[in-house]
Structure formats: C-alpha cells, structure tokens
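Take a look at the structure set out below.
The values are calculated or read from the model by the stated rules, or taken from the named source; none is laboratory data. It should be emphasised that the depicted structure is a prediction, and the values quoted were computed from it without experimental measurement. Here the Cβ positions follow ideal geometry from the backbone for every residue, glycine too, while neighbour counts run over all protein chains shown. Side chains are part of the model used for accessible areas, which takes the heavy atoms of the whole protein and leaves out ligands, DNA and RNA. Shrake-Rupley method; radii C 1.70, N 1.55, O 1.52, S 1.80 Å.
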Amino acid sequence: MEENRRKAYCFHKLHPAVDLLFRQSMAIASLPKRKPPKRRSETVLQNLYKNPKTLFAFVLFIADAVLTALIIAYVPYTKIDWDAYMSQVNGFMEGERDYSNLKGDTGPLVYPAGFLYIYSAIQYVTGGQVYPAQVIFGFLYIVNLGIMLFIYVKTDVLPWWALTLLSLSKRLHSIFVLRLFNDCFAMTLLHASLVPLLYQKWHLSLIIFSAAVSVKMNVLLYAPPLFLLMLKGMDIIGVISALAGAALVQILLGLPFLLSYPIAYLSRAFNLGRVFIHFWSVNFKFVPEPIFVSKEFALILLVAHLGLLTIFAHYRWCKHEGGLVSFVHSRFLKMQLKTSITSSMPLNRSYNSISGLKLLKREHIVTTMFTGNFIGIVCARSLHYQFYSWYFCSLPYLLWRTPFPTVLRLLLFVGVEFCWNVFPSNLYSSIVLLCLHLIILWGLWTAPPEYPYENDKSQVGKKAK
C-alpha cells in the first residue's frame, strides 16, 4: 500500500492538474463512510417514539371512531331539526330563491347559503334518510376530532393524557351523530381554518373561515381576535386582500339569492337581532323571561362582550406591543411610513425594513382565537344545547392556559359537561354554568401573557418559506 502511494505521489508531481485530482481523491478517501439513508417508516417510528403525544392522539382517534360507530348503531336518533332542514332544502332544490319563502317545521330559514348547499348535497346522497346521514356526520365528527388533535399536538399546551378530554363529551357526540345539526359543519370548517392559520397562511384561512360563516353566523364570534391577529401578522394591504377574499366567498355563495331577492337573503341569513326562546336557554334560564327577551338585557350583554374583548386585547393580547391603542397606532404609522418611503427604496428592502412583521407563535394564535370566542360564549344571551359545539373543543385548551391546578381544571371540565347534560335546563344548572364560565374567564385573565412572537430568527425564516 505504501509503495502504491509513493508511486502515485511521484506521478502526481508531474502535472498540477494531476496533483489537484490526487489531493481531492485522498481527501474523499479519508472521509468517514456515510450511513445509508433511513427509510421513511423508520423516521416516522422514531418521531412517534420521541413524541408519545402523537402516538396517543392516533390511538385516541381510532378509539373514538369506534365509539362513534357504536353510538350510531345502537343509540336511538332524536328528531329535532332534520325534517325542517329537509323542507328548506326541498324548496331550494325546487327553484325557490326567495329566502322569505324557504321554511320548515321550526320556522323560516335563517342560515346563509352555504347551509343550503351542504344539506342539499346530503339529501342528494342520502335521499333524506336519517341513518346514512348519521354515517356522514360520523365521518364529520372524526374529521373534526382529527383536526383538533392536530392543533393540540402542534401547540403542545396539554399533557398527553389530557387529550382524552376531547373524546369524553356525551353531548358533543349527540350533537353530531344523533341530532345532525348544521353547527357541526360550521365548527368543523372553523377548526379547519385554524390549521393554515398556525402556518400563517392568512388568505387560505380566511377563505375557509368565510365558508364556515356561510353555514352559520356564530363563527363570527372568532372575527375580532382573528382581525387582531391579521394586523399582527400582515401588513395593511395583506389584511385588505384577505378580507376581500373572504367577502368574495360570501358573494359567490349567495349570488343566486342576491341576484333574485337580495333584501330577503341578507335580512334572513344575517339577522343579528334574533330573539331565542327562553325555554331552550342553557346559560340564562335563571333570568326571568320578560327580562330575557328585552332589548335592555341584550344591550347589556353586547356592551359586556365588547368591553371584555377590548380589555383582553389591551391588557393581554397586545400587552407586549404596549397595549391595543399603541399597537393599532404603530401599525398605521408604519403603513404611512412605508407608503412615503417605498418610492425611494428597493421593494424587498423597503418591505423588510419598514413592515416590522414577525412570525406569531402558534400558542398565541390559538389562545387568542379560543379566548375571543369564549368571551362571546360567556356573553351570549341564549345558548341552546347544540351551541355547546361552539366551544367544547377549545375547553381543554383554555383550561390548561389558566394558572389553576390540574384537579381544579378537571373539576371545571366535568362541571361544564354536567350542566350541558341537564335536560331541560333549570335555574340551578344555568347559574352553575355561568359561574363556571366566569371562573374559567378569570383564570384566563390572571394567566401571565406570553411573548407572542417567535424568538429564533432562523426558525422564523424557515417557517416563513
């Protein structure tokens, strides 16, 4: 071996090119041998081993799918709104475009056009039969659960065992597969819009969010915190374009009705002044009915809602920006500064130096969205039983964002679930539910606000691509 190297050394001295090639070959020979690339299956197994929460979430997903199938097979269906839905859909499929003429057993149609399209498709597939529709809603429940498990794993706020709470609601299973409410589609779409939001794909998130609004307007409870996050994560032009995309979705979905009877559509589908029946209220049953249906009571709740949103935005969600007023002022100041300087600087340099945009933490995004919606829940004049789906999936997350001990968190969870399973609701169950809501809200208020932006610049650059 030494003799061969000595001969090669003498030979490569004869020419510079040979000398360079010789040095490169010797350097390559001295490098350690690379191990063969790992198979994809091995990588997945290693990730599951390192993060047992993902494995537990998968097992929970399968177990709940089996449980949901058993519920559909053995628990009797309860008829509430299904016949009304089918009557409203029949009128639409027969060519009626006047919303004032689309009615069912429970009254006139009060949902936007997305509701009609979804339930028309379900009627086409099932023929209006309940059992195949239950199967569809069973799949919908599992999709919703999978989305929520994904969000919980990505945010990593709960311990692994607490993910079980997402599957322990008797009421939520009933809402999906035994009642077939349109709230199920609205909330599944809303939760789906949170996934691109975690990666700050704002325009895609707004499109899905708008699709959820087209099924039921309760999704708008998420609008104030979403708008605040958009101001944090985008420049003004981006905010306007994302909102325009969401508005375009509403226009396209409602176009057949807007072209025919626009006033009837807008007044029925987006009626913000509806008064719900006192008997079905789960949260304010203790309030006397004359007060419950009064405009004064509605105004008090509206002021409380807006006030709580403003307080949380100022002291919690924008604390690290100097408060809500300071944050909004800085955003518009940067917009004016960018407008005045862009013409004198290259585009990329201008954007990077003036916009001051940072990548938001996933935990901050989800906490802000869930808390904003929960404030709306606390201040809602009437929560019917199907409205539990509006916030149940966020309840474990919110509980673990409070500074409460784990035992108290679990007691609060059990207490809320218990109140929603008291039928019919009564004075005591509604008082207890309101108190539990206020305790959770207090816990969210007393929790120290975390820094909302990613600190690792390299990670920011990686995620922003």
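Filter the range 328-364 down to residues that are at pLDDT 90 or above, out of contact with any Lys or Arg (no Cβ under 7 Å at 6 or more places or on another chain) and under 13 Å from Gly233 (Cα atoms) and give me whichever is least open to solvent (accessible area, probe 1.4 Å).
His364
Looking at (1) assigned to a helix (DSSP H, G or I); (2) modelled with pLDDT under 95, can you tell me which one Val282 breaks?
Evaluating Val282 over (1) assigned to a helix (DSSP H, G or I); (2) modelled with pLDDT under 95 leaves (1) as the failure.
Tally the residues that are among the aliphatic types (A, V, I, L, M) and either in contact (Cβ under 8 Å) with a residue 60 or more places away in the chain or open to solvent by less than 60 Å² (accessible area, probe 1.4 Å) (or both), restricting the search to the range 92-107.
1
State all residues of the range 132-168 that are among the hydroxyl-bearing types (Ser, Thr, Tyr) and either free of Cβ contacts under 8 Å to residues at least 24 places away in the same chain or open to solvent by less than 30 Å² (accessible area, probe 1.4 Å) (or both); if no residue qualifies, say none.
Across the range 132-168, the qualifying residues are Tyr141, Tyr152, Thr155, Ser167.
How many residues does the range 201-216 contain that are outside any helix (DSSP H, G or I) and either free of Cβ contacts under 8 Å to residues at least 60 places away in the same chain or open to solvent by less than 10 Å² (accessible area, probe 1.4 Å) (or both)?
Total meeting the criteria: 3.
If you go through the range 142-187, how many residues are part of a helix (DSSP H, G or I) and more than 15 Å from the chain's Cα centre (by Cα)?
17
Which is in a loop (DSSP other than H, G, I, E, B) and open to solvent by less than 40 Å² (accessible area, probe 1.4 Å), of Val89, Val110?
Val110
What helices (runs of 4 or more DSSP H), lying completely within the range 365-465, carry at least 2 residues that are open to solvent by less than 60 Å² (accessible area, probe 1.4 Å), more than 24 Å from Arg316 (Cβ to Cβ) and of a type outside the set (Val, Ile, Thr)?
406-420, 427-446
Can you work out which of the residues in the range 264-279 that are part of a helix (DSSP H, G or I) and closer than 14 Å to Leu109 by Cα is most open to solvent (accessible area, probe 1.4 Å)?
If we take residues in the range 264-279 being part of a helix (DSSP H, G or I) and closer than 14 Å to Leu109 by Cα, then Leu266 is most open to solvent (accessible area, probe 1.4 Å).
Name every residue in the range 287-310 that is open to solvent by 60 Å² or more (accessible area, probe 1.4 Å) and touching a residue at least 60 places away in the same chain (Cβ under 8 Å), in order of residue number.
Leu302
Given the conditions (1) open to solvent by less than 30 Å² (accessible area, probe 1.4 Å); (2) in a helix (DSSP H, G or I); (3) in contact (Cβ under 8 Å) with a residue 40 or more places away in the chain, report the number of the one that Pro196 does not fulfil.
That leaves (3) as the condition not met.
Would you say Val219 is under 29 Å from Cys419 (Cα atoms) and either touching a strand residue (DSSP E or B) at 6+ places or on another chain (Cβ under 8 Å) or free of Cβ contacts under 8 Å to residues at least 60 places away in the same chain (or both)?
Against the criterion (under 29 Å from Cys419 (Cα atoms) and either touching a strand residue (DSSP E or B) at 6+ places or on another chain (Cβ under 8 Å) or free of Cβ contacts under 8 Å to residues at least 60 places away in the same chain (or both)), Val219 qualifies.
Given the conditions (1) assigned to a helix (DSSP H, G or I); (2) touching a Phe, Trp or Tyr at 6+ places or on another chain (Cβ under 7 Å); (3) of a type in the set (A, V, I, L, M); (4) open to solvent by less than 20 Å² (accessible area, probe 1.4 Å), and given that Leu258 satisfies all but one, which numbered condition is not satisfied?
Exception for Leu258: condition (4).
Within the set of pairs 6 or more residues apart or between chains, which connect a residue that is open to solvent by less than 30 Å² (accessible area, probe 1.4 Å) inside the range 55-70 to a residue that is assigned to a helix (DSSP H, G or I) and among the hydroxyl-bearing types (Ser, Thr, Tyr) with Cβ atoms less than 9 Å apart?
Ala57/Tyr152; Leu60/Thr164; Leu60/Ser167; Asp64/Tyr141; Asp64/Ser167; Thr68/Tyr141
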